[in-house]
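Right, one structure below, let's go through it.
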Amino acid sequence: MNIKPLASLRAAVLAVMAIGVASAFAQAEPKIAVVNLKTVFDGYYKTKQSDALVKDRQADYTKERKRMEDDYKKANDEYRKLSDSATDQAVSADERDKRKKDAESKLQEIREIEQSARQFDSQFRTQITDQINRMRDKILQDIREVVNSKAKTAGYTLVLDTAAMSADRTPVVLFTSGSPDLTDDVLKDLNDKAPPGALTSSTNQPTATPPASPANGGIK
């Protein structure tokens, strides 16, 4: 189960950012500026905070999944012992029947652990994806508001994202010559209210731990 973090999901939104006042397009000569959305997105303190939240969720998931794996392994070991003892000819038929029933009960417990693990994985995948999308959308909204404000103030008719990639992973903007770059100014405005230490947070991409496969002895 691969859960992409904020940093990997932003590829879906790195398209051309055309931002400006609609009436300005009527001007004879467009006034164009550029911004590197990837740099702004990565450098924004709220992106770093969001990454930290995702990592916390990842850690909680990993801890609980490890507990399930341990319970699963223990139940399987107990089931094998009960199954083996149920065929022990040294004990009475009644005792063998009792052990067989105990083994069947343990097998049912194993199946319940498997079902709980599948539900837990599915719930985590849905919740973490929704959380990432909500945080990403809010961050992009913040960035867009600052770019809009700067574009209107300076009279730009168009702001292009120099980090944008097309569907086939080729750059959208191939060349610019002397167009004002708003990247640093936008990032500065966004981080002006950053709390102490927020800009030193790690931005390593968190990845959700996939459930172990049956071949590796994990929960099926």
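At a glance:
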{"item": "Subset of the range 146-172 (residues that are among the charged types (D, E, K, R) and either surrounded by fewer than 13 Cβ atoms within 10 Å (Cβ to Cβ) or under 30 Å from Tyr61 (Cβ atoms) (or both))", "result": "Asp168, Arg169"}
{"item": "Cβ-Cβ under 7 Å pairs, at least 6 apart or on other chains, the range 140-164 side over 12 Å from Leu37 (Cβ atoms), far side of a type in the set (Val, Ile, Thr) and not in a strand (DSSP E or B)", "result": "Asn148/Ile19; Lys150/Val186; Ala151/Ile19; Lys152/Val21"}
{"item": "Lys193, sole failed condition from (1) surrounded by fewer than 16 Cβ atoms within 10 Å (Cβ to Cβ); (2) at pLDDT 95 or above", "result": "(2)"}
{"item": "Condition check for Ala163: part of a loop (DSSP other than H, G, I, E, B), on the phi < 0 side of the Ramachandran plot and in contact with a Lys or Arg (Cβ under 7 Å, 6 or more places away or on another chain)", "result": "yes"}
{"item": "Residue within the range 101-113 that is β-branched (Val, Ile, Thr) and in a helix (DSSP H, G or I) present", "result": "yes"}
{"item": "Cβ pairs under 7 Å, 6+ apart, first in the range 99-128 and over 20 Å from Arg67 (Cβ atoms), second outside any helix (DSSP H, G or I)", "result": "Arg99/Ala86; Lys100/Ala86; Ala103/Ala86"}
{"item": "Lys138 being surrounded by 16 or more Cβ atoms within 10 Å (Cβ to Cβ), at pLDDT 95 or above, charged (D, E, K, R) and assigned to a helix (DSSP H, G or I)", "result": "no"}
{"item": "Lone qualifier among Ile143, Ile128, Ile132 - being touching a Lys or Arg at 6+ places or on another chain (Cβ under 7 Å) and at pLDDT 95 or above", "result": "Ile128"}
{"item": "Selection status of Ala52, out of contact with any Leu (no Cβ under 7 Å at 6 or more places or on another chain), part of a helix (DSSP H, G or I) and within 30 Å of Asn148 (Cβ to Cβ)", "result": "yes"}
{"item": "Residue in the range 80-95 that is at pLDDT below 95, of a type in the set (D, E, K, R) and in contact with a helix residue (DSSP H, G or I) (Cβ under 8 Å, 6 or more places away or on another chain) present", "result": "yes"}
{"item": "Filter result (in contact with a Leu (Cβ under 7 Å, 6 or more places away or on another chain) and either among the hydrophobic types (A, V, I, L, M, F, W, C) or buried (at least 20 other Cβ atoms within 10 Å of the Cβ) (or both)) within the range 34-44", "result": "Val34, Val35, Leu37, Val40, Tyr44"}
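Quick grid of which residues meet (1) small (Gly, Ala, Ser); (2) within 16 Å of Thr183 (Cα to Cα); (3) within 15 Å of the chain's Cα centre (by Cα); (4) modelled with pLDDT of 95 or more:
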{"residue": "Glu29", "(1), (2), (3), (4)": "no, no, no, no"}
{"residue": "Leu37", "(1), (2), (3), (4)": "no, yes, no, yes"}
{"residue": "Ser50", "(1), (2), (3), (4)": "yes, no, yes, yes"}
{"residue": "Tyr72", "(1), (2), (3), (4)": "no, no, no, yes"}
{"residue": "Asp77", "(1), (2), (3), (4)": "no, no, no, yes"}
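The values are calculated or read from the model by the stated rules, or taken from the named source; none is laboratory data. Note that the structure is a prediction, hence the values are computed from the model and not measured. As a convention, Cβ positions derive from the backbone with ideal geometry for all residues, glycine included, and neighbour counts pool all protein chains shown.
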